[in-house]
Amino acid sequence: MAWAAHRRGWSLTIVDRVDLQSSSHVAAGLVTPITGSRSAATWRWDYFFEFATKHYTDIETRTESSFWYLQPAIRLFGSSQERERAIERWSQPRTELEHKVRPQISLCSPDELSGFHAPFGGCRMEPAARLDTTTYLHSTRKFFQKQGEFFATEVNIAEQLPLPDQAGSYPFELEIATRSIRPDAIVFCQGFDARSNEWFSSLPLHPARGDILTLRLEGEATAIYADLPSLARTHVVHSDAWIVPTNGKHLVGATYDRHHLNGQVDGEEFAANNRQILLERLNNMFPTIGIDRWNLEQHRAAVRPASYDRHPLIGRHRWVSNAYTLNGLGSKGSLMAPLLAEQVCDCIETGQSADPFLDWQRRDKSL
Ligand SMILES: Cc1cc2nc3c(=O)[nH]c(=O)nc-3n(C[C@H](O)[C@H](O)[C@H](O)COP(=O)(O)OP(=O)(O)OC[C@H]3O[C@@H](n4cnc5c(N)ncnc54)[C@H](O)[C@@H]3O)c2cc1C
């Protein structure tokens, strides 16, 4: 959101408590063109992916850092039907008229998949990418701190920004770090925390906790691993779980837990269960190493701000015409956030409503 406003030359104030356990910090940042056992294309893939690539590469240049990695992702098929469906839908080469980001697959050879349990084979999906969210957020924060536009603090919304009951444009006034700020518009990008903000507490969020493990191999297991074909060591692989090889470690995720909406990982039975679920999924898809040989370096969890229909939730407040939200990113924040932020800026600039399929009030309008 900050980058979209900055690109338009707007002056801005970003207020974030910098929670290293936020959904964005915990996320693996995977951006995948084809999802689910029906091999469906990710919703509005072409539209979001092209813009995301343009956005992240532009910010890499501006901040002189690297966080957007374009690389095919590997998918292990769960059944012969899934394999056939994927081949039928996505294995034809793109025609000249087709968009260059249209998803495509190519089958992996059995050799490339050695080490994995892949009775139905697997494929490369492309284009695909991974956003290193920690580096992206860090570089972004540094940039806006230099601009004097970033404030690492908590806003007590009920006290500092009480919701008016009168309709119209609201004269906001906010004290941040001894400065008095009078913005023309406010955009709440709070993820799951929006639930306790009365401005947008009626957002139709259907959140889900996600757990993610950082694992490391040691000793003999490192040698077994080093002997595997490079695909297993270098690519993101999706099956019941996903594995992301990164700097000699592996990220494994993610659970989808709608019952425990917090980021706790210690001393709770449900957290231990979620950990075990991920280790077992990893073992099922990658049995060569053996479950006991993976050393757990870190277990993290956060709550994804998902929506009921799995589409984002953006747009204007019901009666305050200069208050907006960007939320409902679910498990697709890395892909969708850049273009959605542009749309929120368009709404602010033109006074028009959000795209009806993205508008957070779409259910009220019976779309
Ligand atoms: C385990 C896991 C794996 C995931 N994997 C992926 C993936 O592979 N790919 C993908 O695209 N997405 C993934 N996601 C989802 C992704 O994290 C979300 O889509 C996205 O990050 C949500 O971003 P957000 O900015 O809406 O919310 P958040 O990241 O929760 O950010 C909200 C921010 O608002 C701040 N805030 C809230 N209230 C206040 C206040 N009153 N004052 C100050 N600051 C406040 C918070 O501190 C926080 O920094 C994953 C999520 C999890 C949990």
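The values are calculated or read from the model by the stated rules, or taken from the named source; none is laboratory data. As the structure is a prediction and not an experimental result, all values here were calculated from the model. Virtual Cβ from ideal backbone geometry, glycine too; neighbours counted across all protein chains shown. Ligands, DNA and RNA are excluded from the accessible area calculation, which covers all protein heavy atoms including side chains. Shrake-Rupley method; radii C 1.70, N 1.55, O 1.52, S 1.80 Å.
Table: residues versus (1) within 16 Å of the ligand (Cβ to nearest atom); (2) more than 30 Å from R85 (Cβ to Cβ); (3) assigned by TED's automatic domain parsing to the domain that holds R7.
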{"residue": "D111", "(1), (2), (3)": "no, no, no"}
{"residue": "S114", "(1), (2), (3)": "no, no, no"}
{"residue": "G122", "(1), (2), (3)": "no, no, no"}
{"residue": "K146", "(1), (2), (3)": "no, yes, yes"}
{"residue": "V155", "(1), (2), (3)": "yes, yes, yes"}
{"residue": "L163", "(1), (2), (3)": "yes, yes, yes"}
{"residue": "A167", "(1), (2), (3)": "no, yes, yes"}
{"residue": "L174", "(1), (2), (3)": "yes, yes, yes"}
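For region 204-222, does any single residue satisfy the condition of being within 30 Å of L12 (Cβ to Cβ), open to solvent by less than 60 Å² (accessible area, probe 1.4 Å) and without any contact (Cβ under 8 Å) to a residue 24 or more places away in the chain? No; the residues of region 204-222 include none that is within 30 Å of L12 (Cβ to Cβ), open to solvent by less than 60 Å² (accessible area, probe 1.4 Å) and without any contact (Cβ under 8 Å) to a residue 24 or more places away in the chain. For first residues located in region 281-301 and within 13 Å of A232 (Cα to Cα), partners that are more than 16 Å from the ligand (Cβ to nearest atom) and open to solvent by 80 Å² or more (accessible area, probe 1.4 Å) and lie 6+ apart or on another chain with Cβ distances below 6 Å form the pairs M285/H117; P287/H117. A count restricted to region 245-272 and to residues that are modelled with pLDDT of 95 or more, within 21 Å of I289 (Cα to Cα) and surrounded by fewer than 20 Cβ atoms within 10 Å (Cβ to Cβ) stands at 0. Scanning region 27-43 for residues that are outside any strand (DSSP E or B) and either more than 14 Å from the ligand (Cβ to nearest atom) or over 27 Å from R7 (Cβ atoms) (or both) gives G36, S37, R38, S39. Name the residue, out of P356, P338, that is touching a helix residue (DSSP H, G or I) at 6+ places or on another chain (Cβ under 8 Å) and either outside the structural domain of T255 (by TED's automatic domain parsing) or within 16 Å of the ligand (Cβ to nearest atom) (or both). Going through P356, P338 in turn, the sole match is P338.
The condition (being under 21 Å from the mean Cα position of the chain (by Cα) and either within 16 Å of the ligand (Cβ to nearest atom) or assigned by TED's automatic domain parsing to the domain that holds R8 (or both)) is satisfied by just one residue among L329, L279, L296: L329. Suppose the filter is at pLDDT below 95 and open to solvent by less than 80 Å² (accessible area, probe 1.4 Å); does P103 pass it? Spelling it out, P103 is indeed at pLDDT below 95 and open to solvent by less than 80 Å² (accessible area, probe 1.4 Å). The single condition from (1) of a type outside the set (A, V, I, L, M, F, W, C); (2) buried (at least 18 other Cβ atoms within 10 Å of the Cβ); (3) within 10 Å of the ligand (Cβ to nearest atom) that N197 fails is (2). Return yes or no: is S65 outside the structural domain of W199 (by TED's automatic domain parsing), of a type in the set (G, A, S) and part of a strand (DSSP E or B)? For S65, the condition - outside the structural domain of W199 (by TED's automatic domain parsing), of a type in the set (G, A, S) and part of a strand (DSSP E or B) - is not met.
Note on region 80-95: among residues that are of a type outside the set (D, E, K, R) and open to solvent by 30 Å² or more (accessible area, probe 1.4 Å), the one that is farthest from H235 (Cα to Cα) is T95. In region 332-366, which residues are surrounded by fewer than 20 Cβ atoms within 10 Å (Cβ to Cβ) and assigned to a loop (DSSP other than H, G, I, E, B)? Once the filter is applied, which keeps residues that are surrounded by fewer than 20 Cβ atoms within 10 Å (Cβ to Cβ) and assigned to a loop (DSSP other than H, G, I, E, B), region 332-366 yields G351, Q352, S353, D355, P356, F357, Q361, R362, R363, D364, K365, S366. So is T222 in a loop (DSSP other than H, G, I, E, B) and among the polar types (S, T, N, Q) or not? The answer is no for T222. Just so you know, in region 281-311 the residues that are among the small types (G, A, S) and outside any loop (DSSP other than H, G, I, E, B) include one that is surrounded by the fewest Cβ atoms within 10 Å (Cβ to Cβ), and it is S307.
Filtering region 139-163 to residues that are surrounded by fewer than 16 Cβ atoms within 10 Å (Cβ to Cβ) and not in a loop (DSSP other than H, G, I, E, B) leaves K142, Q145, K146, A152, A158, E159, Q160.
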